[in-house]
Amino acid sequence: MNQCAPWDVVVVGAGAAGLFCAGVAGQRGLRVLVIDHASVLGEKIRISGGGRCNFTNLHTNPTHFLCKNPGFVDDVLHRYSPSHFIALVKKYGIAFHEKHRGQLFCNESSKAIVEMLMAECHKGGVIIQHPLSVQAVRAPHDAGVASFIEKELKHHNLDSNQAANESGFWVLQTSNGFIQAHQLVVATGGLPVPAIGASAWGLELARQLGFAVTSVQPGLVPLALDPKDQQGLESLAGLSMLVKITAGQADADRLKRTDLSEANTKISYGQGIFTEDLLFTHKGLSGPAVLQVSSYWQAGESISINWLASQDTGARFDESRHGGKRVDNLLAQFMPQRLAQAFSDRLGLSERRWAELGKKDRARVTDYLTNWQVKPAGTLGWKKAEVMLGGVDTYEINPQTMMAKRYRGLYFVGECLDVTGHLGGHNFQWAWASGFVCAQALKAAETSRSSEPH
Ligand SMILES: Cc1cc2nc3c(=O)[nH]c(=O)nc-3n(C[C@H](O)[C@H](O)[C@H](O)COP(=O)(O)OP(=O)(O)OC[C@H]3O[C@@H](n4cnc5c(N)ncnc54)[C@H](O)[C@@H]3O)c2cc1C
């Protein structure tokens, strides 16, 4: 048994949200311990943004998030804005630039952000222990119903008397003894990239404590095509093009009707429409456009691609000027020659001239160019996903504190919640904002606890 005095706060998960929350809480004077099961910390931040970490977005607002409770996202985001995080980045002298639509990237390496978070923790006297795994959690007797504890103890063959929790603390049974804390923060993130430490621990804990947890699925993920749809496109791997892309259902009621308490119910977050670059790959489609709509796509549905995006097409189909052109050359006005060739081959019209085509064939060409429907075979899964869609139901959490409504002293931050950002730095901004709101609340709770008469 670890004989240390109880920590004010234990944070499980030393990722973006956990480290940031711990640093802020530590600097507010709390005794904070962070534990993580990974041997190397900050790996997800290190690999993010292609190694340059797209750490926030100047335009982050709730419309950039998928959550069944958008008001929750708004409540949290407005308490810690991108400008707050940018001020911190500047304080550490980290050079950065805006790449595209408000996306801020480090000029050098994303390691600078990891080092900054570590330095903030150090400044707050935060202790970080890793690799350390938590085998069971026991709620204080006065925090809420702790039925989960019994199950966990049985699972690990422990004597329930030994672990009976009359202490009034959260008790964590770890691979290195017991740890006690007045407040517990779950910051274990989502399921993407299992090779660098992702786990369902936070989701399981929430479920076992009786919380609603929505179904989860990979988001911001490349899509695979069936071999028949991929036919003729294989040679295009590596080619990218600006498109307007649509996925999901515009029917807003669908979300309301979905019973998210049923584990296998898929969530629909409505319809996503983006004008971004699409990239052909060996397995199907990727690039920012496809990653964005993948978060709205449901298995079995089609996505629609307008290859002309915002191009002015009228003049280029003008018969008097272009009627003599072959279809592949006509299409090459709008897109790379290789793609124009592949499309006109698929339409069976490569050899034909535009002027020779009848109404029906012309309509096929325009439909192909402006509303190409394809049913992806699936996503490339957790290994390739950047985020997890779904998670702990936000109706379980108070957005002013990030504390669970059912359990006093238990908090959830970051990606383990049902809050998923679009591509472009919004997910990190969510991690910072939720971590910050939580840290403020931890301090307030600790102040009120320590002023209670003993
Ligand atoms: C390849 C890639 C690139 C990305 N690029 C960007 C980007 O440029 N901009 C952006 O905004 N977002 C990006 N994201 C998303 C972003 O990384 C996440 O949204 C963000 O890291 C979530 O923060 P978090 O703290 O909630 O979870 P994480 O950062 O995933 O941290 C969770 C931590 O919990 C630990 N943990 C998990 N289970 C346990 C357990 N059982 N016990 C102890 N510890 C545990 C993990 O080891 C990890 O350290 C990217 C994601 C990927 C995969």
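Structure summary
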| read-out | value |
| --- | --- |
| Positions within the range 213-244 being touching a strand residue (DSSP E or B) at 6+ places or on another chain (Cβ under 7 Å) and under 30 Å from residue 392 (Cα atoms), in sequence order | 213, 216, 217, 218, 219, 220, 221, 222, 223, 224 |
| Those residues of the range 362-379 which are surrounded by 17 or more Cβ atoms within 10 Å (Cβ to Cβ) and more than 35 Å from the chain's Cα centre (by Cα), in sequence order | 365 |
| Residue match in the range 22-32 (condition: within 9 Å of the ligand (Cβ to nearest atom) and either surrounded by fewer than 24 Cβ atoms within 10 Å (Cβ to Cβ) or closer than 21 Å to residue 87 by Cβ (or both)) | no |
| Matching residues in the range 260-281 - criterion: being over 18 Å from residue 299 (Cα atoms) and modelled with pLDDT under 75 | 261 |
| Residue count, the range 210-229 (criterion: aliphatic (A, V, I, L, M), surrounded by 23 or more Cβ atoms within 10 Å (Cβ to Cβ) and closer than 30 Å to residue 141 by Cα) | 1 |
| Number of the exception - residue 57 against (1) crowded, with 20+ Cβ neighbours inside 10 Å; (2) more than 13 Å from the ligand (Cβ to nearest atom); (3) under 15 Å from residue 426 (Cα atoms) | (2) |
| Flag for residue 439 being more than 15 Å from residue 391 (Cβ to Cβ), surrounded by fewer than 20 Cβ atoms within 10 Å (Cβ to Cβ) and assigned by TED's automatic domain parsing to the domain that holds residue 184 | no |
| Single residue of the range 354-389 satisfying the filter (more than 16 Å from the ligand (Cβ to nearest atom) and among the charged types (D, E, K, R)) that is farthest from residue 49 (Cα to Cα) | 356 |
| Residues of the range 291-305 satisfying the condition of being under 11 Å from residue 379 (Cα atoms) and more than 17 Å from the chain's Cα centre (by Cα) | 299 |
| Some residue of the range 398-420 being surrounded by fewer than 15 Cβ atoms within 10 Å (Cβ to Cβ), within 22 Å of the chain's Cα centre (by Cα) and more than 16 Å from the ligand (Cβ to nearest atom) | yes |
| Pairs with Cβ under 9 Å, 6+ apart, first in the range 198-216 and within 25 Å of residue 298 (Cβ to Cβ) and at pLDDT below 95, second surrounded by fewer than 18 Cβ atoms within 10 Å (Cβ to Cβ) and acidic (Asp, Glu) | 215/262 |
| Filter pass, residue 30 being in the same structural domain as residue 413 (by TED's automatic domain parsing), aliphatic (A, V, I, L, M) and touching a Gly at 6+ places or on another chain (Cβ under 6 Å) | no |
| Residue within the range 185-204 that is more than 11 Å from the ligand (Cβ to nearest atom) and among the hydrophobic types (A, V, I, L, M, F, W, C) present | no |
| Strands (runs of 3 or more DSSP E) enclosed by the range 1-108 - at least 2 residues per element that are touching a residue at least 24 places away in the same chain (Cβ under 8 Å), among the aliphatic types (A, V, I, L, M) and out of contact with any Phe, Trp or Tyr (no Cβ under 6 Å at 6 or more places or on another chain) | 7-12, 32-35 |
| Filter result for residue 44 (basic (Lys, Arg), surrounded by 17 or more Cβ atoms within 10 Å (Cβ to Cβ) and more than 15 Å from residue 428 (Cα to Cα)) | no |
| Enumeration of residues in the range 147-191 that are at pLDDT 50 or above and hydrophobic (A, V, I, L, M, F, W, C) | 169, 170, 171, 172, 178, 179, 181, 184, 185, 186, 187, 191 |
| Residue that is surrounded by the fewest Cβ atoms within 10 Å (Cβ to Cβ) [pool: residues in the range 74-88 that are closer than 8 Å to residue 433 by Cβ and in contact with a Pro (Cβ under 9 Å, 6 or more places away or on another chain)] | 79 |
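The values are calculated or read from the model by the stated rules, or taken from the named source; none is laboratory data. Given the structure is predicted, the values throughout are model-derived calculations rather than measurements. Every residue, glycine among them, receives a Cβ derived from its backbone with ideal geometry; neighbour counts consider all protein chains shown.
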